[in-house]
Each structure stands twice: as C-alpha cells, then as structure tokens.
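Report on the structure given below.
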Amino acid sequence: MKTIIHFIGLAGSGKGTQSKILQEKFNWPVIEVGALCRAMAQENSEQGKFIKSIIEKGELIPHELTVAAVLSRIESLESEVVLIDGFPRSVSQADAYLYSLSTRNEFKLFIIHLILGELISEVRLHKRAQIEGRTDDNPETIKKRFLIYHSETTSAIHTLRNSGAEYIAINAEQTIEDVSKDILENLCDKLPQPCFKNYNVL
C-alpha cells in the first residue's frame, strides 16, 4: 500500500518548505503540483499558452489536466510514501483524483493542513516575490488565491476527509522548526515504522 501525504494550506503556509524537509529526512519524493503546472505552462503549444494565461491570472487550471499530471507522477514513483505539495485545490480536483485512485492499487491518504492567517500569508508572499522573482506573487493574484482557498480548497479538504483520509491540522504561524516538529510528531504516531527506514540524520 502506498501512503500519500498531501500538504494543503493558504499560499505562503510552508507547503513546499515542509515537504522538502521530510524529503531530506526520509528520502520521500515530493510532487510539487505548482512546479508541474508551471512546467506545463512553458511548453511551446496551445495547451502550454492556455495554462500560462491561467496561472498569470491566479486561477485554477482545469482539473482534468492537473489530476492527470499528478497521477502520472505518482505511478512513476516506487517509494512507499509520496508527498504532494498543494493538491487538491478544488472539489472537482478532489473528486476526479479520488475516483482515479479508486480504480488503482490501494492507497492511504493523509492531509497535513497548514493553517495560516491571511496577513502573515501576504507578508510571506511579498517577501518571496522579492527573493524568487515570482510574477504570480502580486497583490491581485494573491487576493484571487485567498478567494479560491476559502471557497474551494477548504471544501476539497472536507472531500478528502470524508473519503477516509487522515487529517492533521498544524499551526503554520510558528517557526519552520516548530512546524516541522509538530508534523513529525503526528506522522510518527500514525505511519508504520517501515516508512521511516531511510531516515537521514541531518
């Protein structure tokens, strides 16, 4: 059985940071859904141009494209544990994803819900835009992301929970180290010990 751990939260909540910390500690692969979508947007095709325009407006890419990309990546990985950063973000994504998983091998799903207030999120995103040059971290798209999170992503979380996914709520306003500690304490109680066999002492 493959274990899939979903990191979900408001933009700037540390989904990428925390998933990479677990990747470094346990050699678990990370599927960065945002990076997958940005890579598709760079393709020299009509679909690539279409996806690029959606990202620049801060909107969601059609769920069939995102779900297909995520499932393809999951199936290419041999690891017993897979981390997914920022997915699903809507009920339509969650429904399509769960349906597709139901037609495949058995999976155990976890949700790491990184809870963060909008004010702190905005501060973090403005800082990220300055450091990384992310053009999608601008005031207009940030507001759209907040709307999508509250109107769609929170409902997607409920959809996963109702399907039987294990739910873990984490205060993401803490330091990176404290957030990581909380995540590890929760996972150590819930995951079978063989999942931690590749532990790296950093």
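General observations
- Residues within region 97-108 that are under 10 Å from LYS2 (Cβ atoms) and either part of a strand (DSSP E or B) or among the aromatic types (Phe, Trp, Tyr) (or both), tallied: 2
- Residue match in region 129-136 (condition: touching a residue at least 60 places away in the same chain (Cβ under 8 Å) and of a type in the set (S, T, N, Q)): yes
- Among (1) modelled with pLDDT of 95 or more; (2) under 19 Å from the mean Cα position of the chain (by Cα); (3) surrounded by fewer than 16 Cβ atoms within 10 Å (Cβ to Cβ); (4) in a helix (DSSP H, G or I), the one test that ARG128 misses: (1)
- Test for LEU187: is it within 24 Å of ILE5 (Cα to Cα), modelled with pLDDT of 95 or more, under 19 Å from the mean Cα position of the chain (by Cα) and of a type in the set (A, V, I, L, M, F, W, C): no
- If you go through region 1-23 and keep only what is within 23 Å of ASP137 (Cβ to Cβ) and of a type in the set (Ser, Thr, Tyr), you end up with SER13, THR17, SER19.
- Checking region 154-172 against the condition returns a match, with at least one residue being of a type in the set (A, V, I, L, M, F, W, C), over 20 Å from LEU98 (Cα atoms) and out of contact with any His (no Cβ under 8 Å at 6 or more places or on another chain).
- Residues of region 38-49 classified as exposed (fewer than 15 other Cβ atoms within 10 Å of the Cβ) and either modelled with pLDDT of 90 or more or not in a loop (DSSP other than H, G, I, E, B) (or both), total: 5
- Per-region count, region 53-96, residues touching a Cys at 6+ places or on another chain (Cβ under 7 Å), crowded, with 22+ Cβ neighbours inside 10 Å and part of a helix (DSSP H, G or I): 1
- For region 107-128, filtering for residues that are in contact with a helix residue (DSSP H, G or I) (Cβ under 9 Å, 6 or more places away or on another chain) and either hydroxyl-bearing (Ser, Thr, Tyr) or without any contact (Cβ under 8 Å) to a residue 60 or more places away in the chain (or both) leaves 2.
- Test: residue in region 3-12 that is more than 18 Å from THR154 (Cβ to Cβ), at pLDDT below 90 and not charged (D, E, K, R): no
The values are calculated or read from the model by the stated rules, or taken from the named source; none is laboratory data. Computed from a prediction, not measured in an experiment: that's the story for all the values here. For neighbour counting, all protein chains shown are included, and Cβ atoms are generated from backbone atoms with ideal geometry for every residue, glycine included.
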